[in-house]
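J.: Structure in structure tokens, see below.
No lab work stands behind these numbers, since they all come straight from the coordinates. Because the structure is predicted, anything quoted here is derived from the model rather than measured. We place every Cβ from the backbone using ideal geometry, glycine too, and count neighbours over all the protein chains shown.
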Amino acid sequence: MNSAETQLMDSSKFLLSLDIKNARSAGISPLPLLKNENNLTEDLKPVQNSSKLDHDFDLGTQYDDLELTDFSNLTKQKIWERKLLDLSLRNNLLNLRFTKSMLQLVDSKINVLEDSLADGKSFTILPDNNQTILRKYNLYGEPLHPSQPLFKLAEDEFKYNRLLTYYHQDDLDNILTNLYRSAKLAEEENGKSTLYLGIGLLKWFEPKNKEVPRLAPILLIPVELSRKSVNSKFTLRSREEETMINITLLEYLKQEFKLNINSLENLPMDESGVDVPKVLAIIRNAVLNLEGWDVLEQLVLGIFSFNKLILWQDISKYSEEIQKSSIVKV
């Protein structure tokens with residue numbers, strides 16, 4: 001099973017999939033090789049009892065409420081917020097570019113990481129000791145299957161509050177130092193850090209350019225970097241602010257692809273915080289019929305600058321006061 005799933009992750013070789021289990025349980029059999037019209041071989045007869053099928057196959061959590069809510073009647077406040085968003089491909093919130101301001105972390109169980117950060121845990125960011133010094137900062141690794149050695153290694157390190165990367169220590173230090181300084185500068189100038197951990201990536205394509213895949217973060221966790229000394233490793237922890245949905249992505253999907261996913265503005269919650277698997281399931285359901293699109297359970301740490309950030313934050317922060325205004329009520 002793991003081998004088959006790993007092969008399916010290579011989108012360049014994927015054509016289609018057949019649900020054999022459900023087909024058999026529904027009485028659909030392969031085309032038989034008949035010697036005559038009344039001679040079916042025993043092993044090709046329809047399966048009448050699905051209980052004989054493999055019970056060990058885990059489909060994961062199933063959700064019955066993935067239909068999108070239509071919030072077409074936006075309030076004036078929401079309309080103002082939308083107008084402050086940058087919907088161009090220059091925006092990292094729509095089109096990730098891996099530079100010194102964007103670091104991919106090795107794949108792990110992203111829902112567990114979100115819960116751990118919400119619980120106040122800190123994580124040390126580690127280099128790849130087998131990597132050479134590149135002096136380039138554009139590495140991106142394709143999604144890993146849980147059975148692959150690197151994913152298992154990342155899971156083992158996660159138990160000790162450590163996150164892996166794809167860079168040599170020298171390159172990693174350059175990236176993290178740049179992220180640290182950029183976040184501090186933004187906080188000094190705007191009163192708000194722009195450092196976020198992107199949880200889950202949407203792989204999407206422009207209508208006019210279906211050859212170049214784009215990546216956009218789905219969930220954004222406000223985080224901060226720190227270290228005890230120049231020679232110590234950076235640690236990552238939550239800024240103890242709420243996890244956000246990528247509003248810019250939702251609005252872009254609505255305007256360009258007529259996908260109304262505004263229901264995710266109110267994120268589904270579980271006992272530990274945001275219900276990450278359900279959020280990703282809703283996005284998957286929404287893009288199901290768009291060729292080549294996918295939801296990747298990957299992680300990025302980077303600087304995400306909102307256009308006219310202060311105005312956008314003020315509208316969100318003082319929403320109750322704004323709603324009382326006679327101008328808004330008109």
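J.: Could you check the spin-label model distance between residue 272 and residue 326? Points 7 Å from the Cα along Cα→Cβ, value in nm.
T.: Between residue 272 and residue 326, the simple spin-label model gives 5.1 nm.
J.: Give me the one-decimal Kirkwood hydrodynamic radius in Å for the range 210-252, with the sum taken over alpha-carbon pairs. Before the final figure, lay out each step's value.
T.: On the way: mean 1/r = 0.0761 Å⁻¹.
By the Kirkwood definition, the hydrodynamic radius is 13.1 Å.
J.: Hey, another quick one. With the convex hull built on the Cα atoms of the range 86-306, state its orientation-averaged projected area in nm².
T.: 12.6 nm²
J.: Could I ask something else about it? I'd like the FRET efficiency for residue 285 and residue 122, computed as 1/(1 + (r/R0)^6) with the beta carbon distance as r and R0 of 35 Å, rounded to 0.05.
T.: 0.55
J.: Give 21/258; 203/254; 100/184; 100/192 a once-over and call out the pairs whose C-alpha atoms are over 23 Å from each other.
T.: From the list (21/258; 203/254; 100/184; 100/192), the Cα-Cα distance tops 23 Å for 21/258.
J.: Quick query: amide H of residue 92 versus all other amide H atoms, modeled in the peptide plane; which residues come in under 5 Å with a sequence gap of 5 or more or a different chain?
T.: Answer set, sorted by chain and number: 305.
J.: With unit charges on the beta carbons (Lys and Arg positive, Asp and Glu negative) and the dipole taken about the Cα centre of the range 120-191, which residue among 126, 182, 139 sits farthest to the positive side?
T.: 126
J.: Using θ = phi - 60° and the Karplus curve 6.51 cos²θ - 1.76 cosθ + 1.60, what whole-Hz ³J(HN,Hα) does each residue of the range 97-114 get, with Gly and Pro shown as x?
T.: Couplings: 10, 8, 9, 5, 9, 8, 10, 8, 9, 4, 3, 8, 6, 5, 5, 5, 5, 4 Hz.
J.: Could you size up the charge dipole of the range 141-199 around its Cα centre, putting +1 on the beta carbon of Lys and Arg and -1 on that of Asp and Glu, and report it in debye to the nearest 20?
T.: 180 debye
J.: Still on this structure: Between residue 129 and residue 228, take the C-beta separation as r, use R0 = 25 Å, and let me know the FRET efficiency to the nearest 0.05.
T.: In this case the efficiency is close to 0.70.
J.: Using the Karplus curve 6.51 cos²θ - 1.76 cosθ + 1.60 with θ = phi - 60°, work out ³J(HN,Hα) for each residue of the range 134-143 in order, rounded to whole Hz, and write x for Gly and Pro.
T.: Using θ = phi - 60°, the values come out as 9, 6, 10, 10, 10, 6, 9, x, 5, x Hz.
J.: I need the phi-derived Karplus couplings for the range 172-183: 6.51 cos²θ - 1.76 cosθ + 1.60, θ = phi - 60°, integer Hz, Gly and Pro marked x.
T.: 3J(HN,Hα) across the range 172-183, in whole Hz: 5, 4, 4, 5, 5, 5, 5, 4, 4, 5, 5, 5.
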